[in-house]
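Got a structure here, written out as structure tokens. Questions coming.
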Amino acid sequence: MTEYTNLHIKGQGIIVFKACMNVNAIFIIYNKDKSHGLHITFTKNNIQVNMINGNNKELLEDDFNTNGLLELQGVYYWFSLDAQNQQLYAGIGEPRSETIEYTYQFSQTNHKSNKSFLESLSHIEYSTENIHIMRISKDPIINIPIPLIVKDTNELTMMDIAKMTYMPKANLSTISQKMYDCISGKNFVLDDKDFPNFSEAIEYSIATKGCWCNTTLKKKATEFNKDVPNIKETYLRITLGSNNGESPGIPYVMEIWPSEHYSPIHSHAGANAIIRVLYGEIHVKLYPFLCNEKHGVPVFGSADFKKNEITWISATLNQTHQLVNHDKKTCITIQCYMYDDENKRHYDYFDYLDINGNKQQYEPDSDMDFLLFKKTIMLEWMNKMEMNKK
């Protein structure tokens, strides 16, 4: 069955879609009267784009493109049209420069006519038998890596903006800005006046047999793989506040990552997130999509985040990752999650990959409320101090 839809803005945008594995994925972006357009085909071997002008066709070839449709679970694709910069991009997984598989730059010698041609394109024609359009975004892809560290207005310099080395807080969604403001302040610290040794006491609780952190981590050894206990694939979730129905689980979670501990590869339910490192540092690996296959897909990017650095997740970007603590000391982060206002589904699970590469559901839970946790760790620390005096 043939379906029709439109770009939000003529000549620019991103089409994100899923495709059948054994059939070429074909769609056309036309002008109003269908006299010219772009005929796009994703095959198993490559991505082909033909420029249509009346009865004439011209292949817009990328000699370096050798990837197209993949026989992998969870895979999806994207195509980006950019009339202003006269560029075409296509890729696999999250729509971003790091996942580009096809590139075409129109000749600058025909700048005016090319721009006129591209800006006339607005109508999309496709078959529902082999394509499912997930969404259409208005902003095209630019071939620059997306910054992962967020900086507030008072921290940004002119060079930061020119080089695009940081994500300005102002460029985050309204919901992400709200979460950022809640956890980015100078007084939002672990070691406060009430308990200046809080982080040291958590380290003690992790290292000491019989203490709460040590005991709880051992109990969680089968959390992600029931038949194969793995103490390293554990972390503690200490929640702040209550679930108000706007996030997968309680929206504010302090996560504790002992040295050499890590998460499974997982996705984030289409929620927005803001993550700040409160203590230590964490290594993050990014994946183009959650591939539930034994060998999965390779990492497309990674980054290390140190104390007080803040990173982000949107409903469409940075969604699939793995966290690893390579440092000798514990890492403690504050994670904040919230759905977009237009998200009506509210998928309340983080999907993750088990040891066999099978996708499983994890319902975000709480190992302990923050106020009780702080009281528990403080009591353990006071007992330690008393024993040292004796």
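Give M338, M387, M378, M382 a once-over and let me know the one that is out of contact with any Leu (no Cβ under 8 Å at 6 or more places or on another chain), of a type outside the set (G, A, S) and closer than 27 Å to D152 by Cα.
One residue alone meets the criteria, M338.
Go through the stretch 145-163 and give me each residue that's touching a Phe, Trp or Tyr at 6+ places or on another chain (Cβ under 9 Å) and assigned to a helix (DSSP H, G or I).
E155, D160, listed by residue number.
While we're looking at this one, here's another question. Every residue in the stretch 105-135 that is surrounded by fewer than 16 Cβ atoms within 10 Å (Cβ to Cβ) and either in contact with a Leu (Cβ under 9 Å, 6 or more places away or on another chain) or closer than 23 Å to F42 by Cβ (or both), please.
Q105, S127, T128, E129, H132, I133, M134, R135
Here are the criteria: (1) farther than 20 Å from N225 by Cα; (2) surrounded by 22 or more Cβ atoms within 10 Å (Cβ to Cβ). Tell me which single one T320 does not satisfy.
Going through (1) farther than 20 Å from N225 by Cα; (2) surrounded by 22 or more Cβ atoms within 10 Å (Cβ to Cβ) one by one, T320 breaks only (1).
Then there is this: Can you tell me which residues in the stretch 4-34 are surrounded by fewer than 20 Cβ atoms within 10 Å (Cβ to Cβ), touching a Gly at 6+ places or on another chain (Cβ under 8 Å) and assigned to a strand (DSSP E or B)?
Residues satisfying the conditions are I28, Y30.
In the stretch 363-390, which residues are assigned to a loop (DSSP other than H, G, I, E, B) and crowded, with 19+ Cβ neighbours inside 10 Å?
P364, D367
How do the strands (runs of 3 or more DSSP E) wholly within the stretch 74-144 filter down when requiring 1 or more residues that are among the β-branched types (V, I, T): which remain?
Those strands (runs of 3 or more DSSP E) span 87-92, 100-105, 123-127, 131-137.
When the stretch 351-362 is examined, which residues are found to be in a strand (DSSP E or B) and more than 19 Å from M254 (Cα to Cα)?
Correct list: D351, Y352, L353, K359, Q360, Q361.
Out of (1) in contact (Cβ under 8 Å) with a residue 40 or more places away in the chain; (2) outside any loop (DSSP other than H, G, I, E, B), the odd one out for E246 is which?
E246 satisfies every listed condition except (2).
Follow-up. Spot the failing condition for M1; the list is (1) modelled with pLDDT under 95; (2) crowded, with 21+ Cβ neighbours inside 10 Å; (3) of a type outside the set (D, E), and only one is missed.
(2)
Kindly provide the set of residues from the stretch 35-63 that are touching a residue at least 24 places away in the same chain (Cβ under 8 Å) and in a loop (DSSP other than H, G, I, E, B), ordered by number.
T43, K44, N46, L60, E61, D62
Another one. Return the residues of the stretch 219-230 that are under 21 Å from P364 (Cβ atoms) and either part of a helix (DSSP H, G or I) or not acidic (D, E) (or both); say none if nothing qualifies.
Those that are under 21 Å from P364 (Cβ atoms) and either part of a helix (DSSP H, G or I) or not acidic (D, E) (or both): K219, K220, A221, T222, F224, N225, K226, N230.
If I filter the stretch 164-210 down to residues being part of a helix (DSSP H, G or I), in contact with a helix residue (DSSP H, G or I) (Cβ under 8 Å, 6 or more places away or on another chain) and aliphatic (A, V, I, L, M), which single residue comes out as surrounded by the fewest Cβ atoms within 10 Å (Cβ to Cβ)?
A170
Next question. Condition (residue is touching a Lys or Arg at 6+ places or on another chain (Cβ under 9 Å), surrounded by 16 or more Cβ atoms within 10 Å (Cβ to Cβ) and modelled with pLDDT of 95 or more) applied to the stretch 241-251: is it met by at least one residue?
The answer is no; no qualifying residue exists.
Continuing with the same structure: Please go through the stretch 64-104 and pick out each residue that is aromatic (F, W, Y) and without any contact (Cβ under 8 Å) to a residue 40 or more places away in the chain. Break it down stepwise before answering.
Filtering the stretch 64-104 for residues aromatic (F, W, Y) gives 64, 76-79, 89, 102, 104.
If the condition is that a residue be aromatic (F, W, Y) and without any contact (Cβ under 8 Å) to a residue 40 or more places away in the chain, then F64 is the only one that fits.
Here are some residues: I355, I332, I377. Which one is touching a Phe, Trp or Tyr at 6+ places or on another chain (Cβ under 6 Å) and not small (G, A, S)?
The match here is I332.
The values are calculated or read from the model by the stated rules, or taken from the named source; none is laboratory data. None of these values were measured; they are calculated from a predicted model. Methodologically, a virtual Cβ is constructed for each residue, glycine included, from the backbone with ideal geometry; neighbour enumeration extends over all protein chains shown.
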